[in-house]
Amino acid sequence: QRHLLGIEALRPDEITTLLDLADKYVTLNRSRNKRSGILSGLTQVNMFFENSTRTQASFELAGKRLGADVMSMAMAASSIKKGETLVDTALTLNAMHPDLLVVRHPNSGAVDLLSQKVNCAVINAGDGRHEHPTQALLDALTIRRAKGRLHRLTVAICGDIAHSRVARSNLLLLHKMENRVRLIGPPTLMPAGIEAFGVEVYHDMAEGLRDADVVMMLRLQKERMDGGFIPSEREYFYRYGLDAEKLALARDDAIVMHPGPMNRGVEIDGTIADDINRSVIQEQVEMGVAVRMAAMDLLSRNLRARPTEVMA
Ligand code: CP
């Protein structure tokens, strides 16, 4: 692949190759010398048009550990604020010959559009409610390490499915890898026709969580609700928030996941989030750096294989 724009375009064997490589980067990241020169001489530019803690920090660390020259654009201070379009901004940066562009944008499809205008490899760091491929890959690595496999598991994804690019990328990946995916949430936060993706839909946590191996919680994404119905947080926690009573319905060894940022007391009880026997939330963050290193390593191999005139 030239770009990493979504899980939709990846084959199961490509996912496995990336996760196998990421496993090696987990080992490197836990060692004293975390450096590799694999991206030496390459330039990585991070363009985040939406707030981020985990994704932006981990892409920056990943690039630096692989030896790239990394520049994180402060988009709030860029000429976007003076009316420059996304495409003109991208073309301007493209003229400086970056090798990797990491882009987060609030509009679905914006990163795909940008990838068609530039010569370098583009990684989607989250576009609107469309896809967040590296999040799904880091979630997959976390599950595979915790459960010893990434197939024939029952995974419950709970909460605001309608506005979530994390849910979309995860359900695509988990379905490709032959897992049983259950989506649980209120009807108002469930996209119509989502069953066509091969998932089961539940509106009751008691039914959807039963015997789940993995429980993945999502926050209410109010920033994407466009003035639509926003449930009361108290009512939402009562019906859909993960607490000990609801978690007891899942398998005894079920793991609890959350992509962050987390709203304690809204979609998850803080004691569950902090329970190191059940919660793998901090492992997810750790896997994020390794998965992003693996993704950039694999894309850079394609870059080096291309003749220079194609990149000119
Ligand atoms: N999970 C995730 O994308 O977190 P950030 O918004 O902090 O990057």
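The angle between the Cα long axis of helix 281-305 and the main principal axis of the chain comes to about 30°, on a 0 to 90 degree scale. Packing, taken as the mean count of other beta carbons within 10 Å per residue, orders the peptides 198-211, 30-43 from highest to lowest as 198-211, 30-43.
Principal-axis analysis of the Cα atoms of the chain puts helix 165-176 at an angle of about 80° to the longest axis.
Of VAL87, VAL289, VAL181, the residue with the greatest mean-square motion in the GNM of the chain, using alpha carbon springs below 10 Å, is VAL87. Highest mean packing comes first when the peptides 103-109, 77-83, 132-138 are listed by Cβ atoms within 10 Å, giving 132-138, 103-109, 77-83. Considering only alpha-carbon pairs that sit under 8 angstrom and 6 or more positions apart, the relative contact order computed for the chain is 21 percent. Taking each pair of different alpha-carbon atoms in the range 97-158 once, compute 1/r for the pair, average those values, and report the inverse of that mean as the Kirkwood hydrodynamic radius in Å to one decimal. This gives a value of 13.4 Å. Equivalent-ellipsoid semi-axes for the range 138-254 (Cα gyration tensor, √(5λ), whole Å, largest first): 23, 17, 12. Angle of helix 133-147 to the longest C-alpha principal axis of the chain, folded into 0 to 90 degrees and rounded to 10: 50°. For LYS34, the lysines whose Cα comes closer than 22 Å to its Cα, not counting residues fewer than 8 places off in the same chain, are LYS24, LYS64.
The average projected area of the range 236-276, computed from the convex hull of its Cα atoms over all directions, is 2.9 nm².
Based on C-alpha pairs under 8 angstrom that are at least 6 apart in sequence, the range 51-170 has a relative contact order of 18 percent. When only the Cβ of Lys, Arg, Asp and Glu is charged (+1, +1, -1, -1), the dipole of the range 89-216 relative to its Cα centre reaches about 320 debye. Counted over all Cα-Cα pairs of the range 1-102, pairs farther apart than 16 Å make up 67 percent.
Cross-link reach is defined here as a Cα-Cα straight distance under 29 Å, omitting same-chain residues fewer than 8 places apart; for LYS222 the lysines meeting it are LYS81, LYS82, LYS246.
Placing unit charges on the Cβ atoms of the charged side chains and taking the dipole of the range 219-261 about its Cα centre, the candidate lying farthest along the positive direction among VAL256, LEU242, GLN221 is GLN221. Alpha-carbon geometry of the chain: the Rg and the Dmax are 19.4, 61 Å, given in that order.
Report the percentage of all Cα-Cα pairs in the range 76-184 whose separation exceeds 20 Å, rounded to a whole percent. Pairs farther apart than 20 Å: 49 percent.
Calculate, in whole percent, how much of the Cα-Cα pair population of the range 199-312 lies beyond 21 Å. Here the tail beyond 21 Å accounts for 52 percent of pairs. Dipole check for the chain: with +1 at the C-beta of Lys and Arg, -1 at the C-beta of Asp and Glu, and the Cα centre as origin, the magnitude is about 900 Debye. Straight Cα distances below 18 angstrom link LYS176 to the lysines LYS147, with same-chain residues fewer than 8 positions distant left out. Neighbours of ALA57, meaning other residues whose beta-carbon lies under 13 angstrom from its beta-carbon, give a summed charge of +3 when Lys and Arg score +1 and Asp and Glu score -1.
Looking at LEU21, ASN46, ALA76, which one has the Cα that reaches farthest to the positive end of the dipole of the range 20-79 (charges on Cβ: Lys, Arg +1; Asp, Glu -1)? After comparing all options, I get LEU21. Here the accessible area of the chain is 51 percent carbon and sulfur, with a 1.4 angstrom probe and all protein chains present.
The values are calculated or read from the model by the stated rules, or taken from the named source; none is laboratory data. Worth saying up front: this structure is predicted, and the values here are computed from it rather than measured. Positions of Cβ are backbone-derived with ideal geometry, glycine not excepted, and every protein chain shown enters the neighbour counts. Only protein heavy atoms, including side chains, enter the accessible area calculation; ligands, DNA and RNA are left aside. Shrake-Rupley method; radii C 1.70, N 1.55, O 1.52, S 1.80 Å.
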